[in-house]
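Novice: Got a structure for you, questions after.
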Amino acid sequence: MKILFFIDTLTSGGKERRMLELIQYLKQNTDYEIALVLTENLIYYEYVYELGIPIKIMKRKGTKYDPRLFVKFYRYCSLFKPDIIHTWGKMTTFYAIPAQLIRRIPLIANLIADSMGILKGSSLHSLFFKADVLFSNVILSNSKAGLIAYNIKSPKAKVIWNGVNLKRFQKKYDVQKVREELKVNTHYMVVMVAAFSYLKDYNLFLDVAKEIGKMRDDATFVGVGDGPCWKHIEQRIKDEQINNVILTGKQKDIERIVAASDIGILCTYSEGISNSIIECMALGKPVISTDIKGGSKEIIIEGETGYCTERDTEKVVASVELLLNNGELRISMGNKGRERIGSYFSIERMGEEFKILYEEVLAKTKYKKSNIY
């Protein structure tokens, strides 16, 4: 089987990492021939070069919506002759439609990775999304909440939860050394791993840290990541003299920071399936998420592996306080969370689900072609 993966970039992000871990799993466990197409030469995950797959850059010129990519991608499909096109995003799916229609190549589209559901009626984004839904053979979401939010009721829709390579979390770290590097000198450490974007609520993160700081001086809040909202958050910390918050910037070895923490927190407006929550749980940390209407409830078992709460400072503070004051509860939740990730969110489980999907789609395509001819 030949599969052509198509994504915009390989910048730091959950979607990009998920796709690469899937490719790595398929390379190790199948005889699939795989190729990868990018629309920008932005590669954060450099281990892609170790996967032994061809990588084609089809750079857009002049505009984000470059119509020449329709032709470029079609021509590449003519050369590679994939059995399946697997796209990761709205625009890459849109660019793949001519190849899907003309060459009759089944198109699997990872379209939904959040639960915002905010596409407006006649906007370009909405029109592209509707075309993607119409022409894709399979519409994928990484959460049930995502399909509900975008009102996708088509029988073509399917949910495949994120999966992570559990070997990433088996390394032993010198927790004290990590904390010293981060300049954390308190007994407890609460970590949030998330991009500093408008989809994440770092302002709430700061509000929670401030309130905890008024009650106790033994907890440090660590924000890991970067993005367009970084300067605003950094300035607010300075202006309000919030002394119990540390921002690390972008980090490659995130696991060591999470391993050194006591609690994982995600202040967010909406999520699909959060890699941040999965990674915290895989490292045995209890988690708190404000994603009460999104996909976090599909990961977290309320009161057993963590808490899903409203975006309310008082309620998040109460959850943090409860965990800080109860070591046995933190350990119990962390252990149950690790077990849950191993059972339901491993790369093996995700990889096998994709293998089954590919085989089903290919079998259906061959059946249709045999009836046509």
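Novice: Taking θ = phi - 60°, what integer Hz values does the Karplus form 6.51 cos²θ - 1.76 cosθ + 1.60 yield along the stretch 224-238, in sequence order, with x for Gly and Pro?
Specialist: Residue by residue, the stretch 224-238 yields 10, x, 8, x, x, 8, 4, 4, 4, 5, 4, 5, 5, 4, 5 Hz.
Novice: How large is the convex hull of the C-alpha atoms of the stretch 167-344 per residue, in Å³?
Specialist: Output value, Cα hull per residue: 104 Å³.
Novice: What residues have an amide H closer than 5 Å to that of residue 189, excluding those fewer than 5 places away on the same chain, when H is modeled at 1.01 Å from N in the peptide plane?
Specialist: Residues meeting the criterion, in which the H sits 1.01 Å from N, are 220, 262, 263.
Novice: Now for a different question. Scaled to the compact-protein estimate 2.2 N^0.38 Å, what is the alpha-carbon radius of gyration of the stretch 120-161, rounded to two decimal places?
Specialist: Expressed relative to 2.2 N^0.38 Å, the Cα Rg reads 1.15.
Novice: Quote the relative contact order of the chain in percent (integer), defining contacts as alpha-carbon pairs under 8 Å separated by 6+ residues.
Specialist: This gives 15 percent for the chain.
Novice: Shifting gears a bit: Given that compact globular proteins tend to follow 2.2 N^0.38 Å, what is the ratio of the alpha-carbon Rg of the stretch 280-373 to that value?
Specialist: Working it through for the stretch 280-373, the quotient is 1.61.
Novice: Counting each pair of different Cα atoms once, what's the Kirkwood radius of the stretch 95-146 in Å, rounded to one decimal?
Specialist: In the stretch 95-146 this quantity evaluates to 11.9 Å.
Novice: If the chain between residue 32 and residue 154 were fully stretched, how many nm would it gain, using 0.36 nm times the residue separation less the Cα-Cα distance?
Specialist: So the extension gain works out to 41.1 nm.
Novice: Rounded to whole Å, give me the distance from the Cα center of the stretch 144-218 to that of the stretch 266-331.
Specialist: 9 Å
Novice: Next up: Taking the chain as a Gaussian network, Cα atoms linked when under 10 Å apart, which of 156, 27, 167 shows the biggest mean-square fluctuation?
Specialist: In the Gaussian network model the winner is 167.
Novice: Here's another thing I want to ask about it. Once phi is turned into θ = phi - 60°, what whole-Hz ³J(HN,Hα) does the Karplus curve with 6.51, -1.76 and 1.60 give for every residue of the stretch 211-219, x standing for Gly and Pro?
Specialist: Result, rounded to whole Hz: 5, 5, x, 6, 9, 7, 10, 10, 9.
Novice: If r is the Cβ-Cβ distance from residue 174 to residue 292 and R0 is 35 Å, what FRET efficiency results, to the nearest 0.05?
Specialist: Computed FRET efficiency for residue 174 and residue 292: 0.45.
Novice: Give me the percent of Cα-Cα pairs in the stretch 1-149 that sit more than 19 Å apart, rounded to a whole number.
Specialist: Pairs farther apart than 19 Å: 52 percent.
Novice: About its Cα centre, what dipole magnitude does the stretch 167-344 give when the only charges are +1 on Lys and Arg Cβ and -1 on Asp and Glu Cβ, stated in debye to the nearest 20?
Specialist: 580 debye
Novice: How large is the direction-averaged shadow of the alpha-carbon convex hull of the chain, in nm²?
Specialist: 19.2 nm²
Novice: Quick check for you: which residues of the stretch 46-63 have the amide N under 20 Å from the point 7 Å beyond the Cα of residue 127 toward its beta carbon?
Specialist: 61-63
Novice: Hey, another quick one. Whole number please: convex hull volume per residue of the Cα set in the stretch 268-326, in Å³?
Specialist: 72 Å³
Novice: List, in order, the whole-Hz ³J(HN,Hα) value for each residue of the stretch 9-14 obtained from phi through the Karplus relation with A = 6.51, B = -1.76, C = 1.60 and θ = phi - 60°; use x for Gly and Pro.
Specialist: Running phi through 6.51 cos²θ - 1.76 cosθ + 1.60 with θ = phi - 60° gives 9, 10, 5, 5, x, x Hz.
Novice: Estimate the FRET efficiency between residue 239 and residue 116 by the formula 1/(1 + (r/R0)^6), using the beta-carbon distance for r and 41 Å for R0, to the nearest 0.05.
Specialist: Efficiency, rounded to the nearest 0.05: 0.90.
Novice: Given the options 346, 147, 94, identify the residue whose Cα lies farthest towards the positive end of the charge dipole of the chain (+1 on Cβ of Lys, Arg; -1 on Cβ of Asp, Glu).
Specialist: 94
Novice: Can I ask one more? Where is the GNM fluctuation largest for the chain (alpha-carbon springs, 10 angstrom cutoff): 62, 351, 117?
Specialist: 62
Novice: Treat every Asp and Glu Cβ in the chain as -1 and every Lys and Arg Cβ as +1, leave all other atoms uncharged, and give the resulting dipole magnitude about the Cα centre to the nearest 20 debye.
Specialist: Roughly 1860 debye for the chain.
Novice: With no solvent and one point per C-alpha, what does the Debye sum give as log10 I(q)/I(0) for the stretch 168-240 at q = 0.20 Å⁻¹?
Specialist: -0.98
Novice: If the label point is 7 Å along Cα→Cβ of residue 1, which residues in the stretch 14-37 have backbone nitrogen under 19 Å from it?
Specialist: Within reach of a label on residue 1: 18-37.
Novice: So between residue 339 and residue 183, what do we pick up on full extension, going 0.36 nm a residue minus the alpha carbon distance?
Specialist: The residue 339-residue 183 span can extend by a further 53.1 nm.
Novice: With springs only between Cα atoms under 10 Å apart, run a GNM on the chain and tell me which of 302, 180, 40 wobbles the most.
Specialist: Greatest mean-square fluctuation among the candidates belongs to 180.
Novice: Hey, another quick one. At 222 nm, what helix-only mean residue ellipticity would the chain give, in deg cm²/dmol to the nearest 500, using -39500 (n - 2.57) for each DSSP H run of four or more?
Specialist: -14000 deg cm²/dmol
We did not get these values from a lab; they are worked out from the coordinates using the rules stated. If you're wondering where the values come from, they're calculated on a predicted model, not measured in any experiment. So basically every Cβ, Gly included, is an ideal-geometry build from the backbone, and we count neighbours across all protein chains shown.
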